[in-house]
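A short write-up of the structure that comes next.
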Amino acid sequence: MTTTDFFNALAGGALIGLSAALLLVLNGRVAGISGIVNGAVEQAGIERLWRALFLAGLVLGALIYSRMVPDDFALRTELGWPVIAAAGFIVGIGTRMGSGCTSGHGVCGISRLSPRSIVATVTFMALGFTSTYVVRHMLALPI
Amino acid sequence: MTRTPVILVMAAVAGVVFGFGLALSEMINPRRVLAFLDVAGRWDPTLLFVMIGAIPVAAVGYAVTRRQSRPLFSERFFLPERRDIDARLLAGAALFGIGWGLAGYCPGPVVAMLSLQWQEPVVFIAAMLTGSQLYRGMTA
């Protein structure tokens with residue numbers, strides 16, 4: 001971790017918090033991305049449209065940054081699609097079952113001191129550490 | 001009164017800010033995420049500061065809402081009301097953590113990653129939607 005990495009993480013985090021604050025104060029909505037993705041698929045009319053626009057904005061915001069800072073990091077290409085698909089499938093079930101992900105529980109829920117979100121965040125962090133540990137150090141897979 | 005066009009513009013603006021933040025903080029880099037989750041390896045604590053940056057700013061937003069009778073452009077707040085801790089929450093969060101630690105993607109970053117490459121995010125998002133819909137179908 002360099003000093004630049006540290007400030008970028010802090011500033012990037014502040015922007016994520018700002019986005020969550022804007023969505024709530026202006027539109028009354030929680031910036032939980034797993035819920036927004038599900039809603040964009042399942043809802044209709046304006047309920048689908050605002051979520052689709054938020055997600056399009058998510059891509060556009062990252063695209064703007066990548067034009068400002070090209071080749072910020074090397075893209076990963078070595079991880080095979082079966083692992084990616086398995087991980088996505090588990091994340092899909094888990095976020096639906098647990099009603100949220102890093103953004104909804106980790107940022108929005110914790111910032112309003114929701115007991116469910118605090119417990120969920122501690123749980124997914126702990127299992128995230130465990131999962132990476134098992135894959136890298138017990139199974140010694142090159143992930 | 002609900003002001004539809006403004007709501008849509010603000011949702012897009014919030015999305016852009018969020019996506020820019022994910023890229024700036026490098027939350028969208030799965031290698032960086034896995035380096036953060038790899039506490040037994042060469043641990044990289046950088047991403048801890050994403051939460052440290054995000055939570056106070058979001059908390060200011062919630063503090064503002066306590067002084068509002070309703071959101072600026074919407075008729076009411078849509079907030080989760082539940083406070084109980086049940087097995088479903090714990091099991092769901094646990095599964096999410098396992099998947100997150102496997103590939104280094106969570107839902108926001110993997111969508112934002114579509115700005116840089118197609119292969120990984122398309123496979124991940126398709127599988128994620130499948131898992132989510134499967135669970136929804138089972139519990140419906």
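General observations
- Put a dot 7 Å past the Cα of A:Leu141, heading toward its Cβ, do the same for A:Thr2, and the two dots end up 3.2 nm apart.
- Between B:Phe78 and B:Trp118, the C-beta separation translates, for a Förster distance of 35 Å, into a calculated FRET efficiency of about 0.60.
- Residue among A:Thr132, A:Thr77, A:Thr102 with the largest mean-square fluctuation in a Gaussian network model of chain A, springs linking Cα atoms under 10 Å: A:Thr77
- Spin-label model distance (nm) - A:Thr130 vs B:Thr130, 7 Å beyond Cα toward Cβ: 2.5
- The C-alpha atoms of segment B:32-140 occupy a region whose extents along the principal axes are 46, 39, 33 Å, arranged from largest to smallest.
- Rounded tilt (10° steps) of B:48-65 against the dominant C-alpha axis of chain B: 10
- Spin-label model, B:Asp86/A:Ile118: points 7 Å from Cα along the beta carbon direction are separated by 2.1 nm.
- Counting neighbouring Cβ atoms within 10 Å and putting the fewest first, the residues B:Phe20, B:Phe96 line up as B:Phe20, B:Phe96.
- Footprinting exposure proxy for B:Trp118, A:Trp50, A:Trp81 (fewest neighbouring C-beta atoms within 10 Å first): B:Trp118, A:Trp81, A:Trp50
- Dipole-positive endmost among A:Val41, B:Val6, B:Cys106 within the protein assembly as shown (Cβ charges, Cα centre): B:Val6
- Counting charges near B:Pro80 (Lys, Arg +1; Asp, Glu -1) among other residues having Cβ under 11 Å from its Cβ returns a value of +3.
- What the pair-distance distribution of segment A:1-132 shows, using all Cα-Cα distances binned every 5 Å from zero, is 2, 8, 14, 19, 21, 20, 12, 4, 0, 0 percent.
- Computed E for B:Val39/B:Arg67 - FRET, C-beta separation, R0 30 angstrom, nearest 0.05: 0.15
Only the coordinates and a few stated rules stand behind these numbers; no lab work does. Just so we're clear, the structure is a prediction, and the values are computed from it rather than from any experiment. Cβ sites come from the backbone with ideal geometry, for glycine too, and all protein chains shown count toward neighbours.
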